[in-house]
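Novice: What follows is a single structure, and I will ask about it in a moment.
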Amino acid sequence: MPPALSVSGLRKTYGSVTALHGVDLEVREGELFGLLGPNGAGKSTLVKAACGLVRPTRGTVSVAGAPAGTTAANAALGYLAELFRFPDWCRADELLELHQRLSGSGGGAAERASLLEEVGLAEVAERRIGTMSKGMQQRLGLAQALIGSPKLLLLDEPTSALDPAGRRLVRALLERLRDRGVAVLLNSHLLSEVELVCDRVAIIAGGAVVAAGRPEELSQAGGVEVETGTGARVFERARREDAPRIVAELVAAGESVYGVAVLRSSLEDAYLAAVDGVGDGGRSPGAGDGRADETPPAAYAAEGTL
């Protein structure tokens, strides 16, 4: 099976501004892939290229083996833009029916009902969109992106307007999609969400991929914290294998040890280290890469307790 998304040597320039510098990226079938980067890094340009809305200056982009922008690629693709707007007068079920007609889906009423149930909107199928909260509209946008059972889902800041319960619902939905073999490219500034749900991530800065891998691979050991009778002590350069020796030395020195935790840096730390000192590489005209994370995760999280 071809990858859900394959990007090879992608370069995009707008006049004298280069938005992407030879990006290589692959999203596999059934993979949740996080796309991270500062504003103006080129994330939105990459997503638009995958949708066929932007033509590469150089390089190739394919969706499920078909060149981006072709009928076959579009049929395998679902997309939710960050700044979308649905007609206020339209009802939820009507909106999905319209998008079924636009995409050529033959799923009918059964598909619409199933999708509304999936995003927690089954009870408001007849409600007008203008009366819905921003979070409800966001979930309706997810439903329309899933019309036609796409092989690849492109989501641009899909949880930015959701409360914690809504974010949990979306995370559960993404995990169900993974189980069905649907690939998801998640463009987000919410690093804590990406760290929770994504199998792999790529960090883009200055129009290039500056780091990629599994979230746990990008983070690094952050030391060992020992809770003693005189308070917590952090051994910043220590690793997991150093913990038994540290405990033995503390006990030998007369300290009482009540707990040990191996610390790791978070995805946020890896992100900041990767983009530090990298220029923005230019910004495509009208590109909007979203909002900053309002609730950054703690600098370190406990990897485990001995």
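Novice: Are any of the residues in segment 209-221 in contact with a Pro (Cβ under 8 Å, 6 or more places away or on another chain), among the small types (Gly, Ala, Ser) and in the same structural domain as Gly9 (by TED's automatic domain parsing)?
Specialist: no
Novice: What pairs come up if the first residue lies in segment 83-109 and is under 17 Å from Gly148 (Cβ atoms), the second is small (Gly, Ala, Ser) and surrounded by 12 or more Cβ atoms within 10 Å (Cβ to Cβ), and their beta carbons are under 6 Å apart, counting only those six or more places apart or on different chains?
Specialist: Asp93/Ala125; Ser103/Gly148; Ser105/Gly148
Novice: Within the bounds of segment 167-180, is there any residue that is in contact with a helix residue (DSSP H, G or I) (Cβ under 6 Å, 6 or more places away or on another chain) and among the basic types (Lys, Arg)?
Specialist: Looking through segment 167-180, at least one residue is in contact with a helix residue (DSSP H, G or I) (Cβ under 6 Å, 6 or more places away or on another chain) and among the basic types (Lys, Arg).
Condition check ((1) surrounded by fewer than 21 Cβ atoms within 10 Å (Cβ to Cβ); (2) closer than 22 Å to Ala113 by Cα) across all residues:
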| residue | (1), (2) |
| --- | --- |
| Arg168 | yes, yes |
| Arg171 | yes, yes |
| Arg178 | yes, yes |
| Ala183 | no, no |
| Val194 | no, no |
| Arg214 | yes, no |
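Novice: Note down all Cβ pairs under 6 Å where the first residue falls in segment 48-71 and is free of Cβ contacts under 8 Å to residues at least 24 places away in the same chain and hydrophobic (A, V, I, L, M, F, W, C), the second is assigned to a loop (DSSP other than H, G, I, E, B) and surrounded by 16 or more Cβ atoms within 10 Å (Cβ to Cβ), and they're at least six residues apart or on different chains.
Specialist: Within 6 Å, the pairs are Ala68/Gly52.
Novice: Of the residues that make up segment 143-152, is at least one within 24 Å of Glu217 (Cβ to Cβ) and either in the same structural domain as Gly65 (by TED's automatic domain parsing) or modelled with pLDDT of 95 or more (or both)?
Specialist: Yes, segment 143-152 has at least one match.
Novice: What do you reckon, is Leu140 among the hydrophobic types (A, V, I, L, M, F, W, C), assigned to a helix (DSSP H, G or I), over 27 Å from Gly37 (Cα atoms) and in the same structural domain as Leu177 (by TED's automatic domain parsing)?
Specialist: no
Novice: Which residue pairs have Cβ atoms closer than 9 Å, lie 6 or more positions apart in sequence or on different chains, and pair a first residue in segment 27-44 that is free of Cβ contacts under 8 Å to residues at least 40 places away in the same chain with a second residue that is surrounded by fewer than 24 Cβ atoms within 10 Å (Cβ to Cβ) and aliphatic (A, V, I, L, M)?
Specialist: Sorted first by the residue in segment 27-44, then by its partner, the list stays empty.
Novice: Here's a check for you: in segment 9-21, which residue that is of a type outside the set (Val, Ile, Thr) and surrounded by fewer than 15 Cβ atoms within 10 Å (Cβ to Cβ) is farthest from Gly65 (Cα to Cα)?
Specialist: Ranking the qualifying residues of segment 9-21, first place goes to Ser16.
Novice: Then there is this: If you check Phe84 against the conditions, is it modelled with pLDDT of 95 or more, among the aromatic types (Phe, Trp, Tyr) and closer than 16 Å to Asn187 by Cα?
Specialist: Against the criterion (modelled with pLDDT of 95 or more, among the aromatic types (Phe, Trp, Tyr) and closer than 16 Å to Asn187 by Cα), Phe84 does not qualify.
Novice: Out of the residues in segment 46-60 meeting the condition of being within 19 Å of the chain's Cα centre (by Cα) and surrounded by 20 or more Cβ atoms within 10 Å (Cβ to Cβ), tell me which one is nearest to Pro3 (Cα to Cα).
Specialist: Looking at residues that are within 19 Å of the chain's Cα centre (by Cα) and surrounded by 20 or more Cβ atoms within 10 Å (Cβ to Cβ), I get Ala50.
The values are calculated or read from the model by the stated rules, or taken from the named source; none is laboratory data. Please read all numbers here as calculations on a predicted model, not as lab measurements. With ideal geometry, Cβ positions are generated from the backbone for all residues, glycine too; neighbour counts draw on all protein chains shown.
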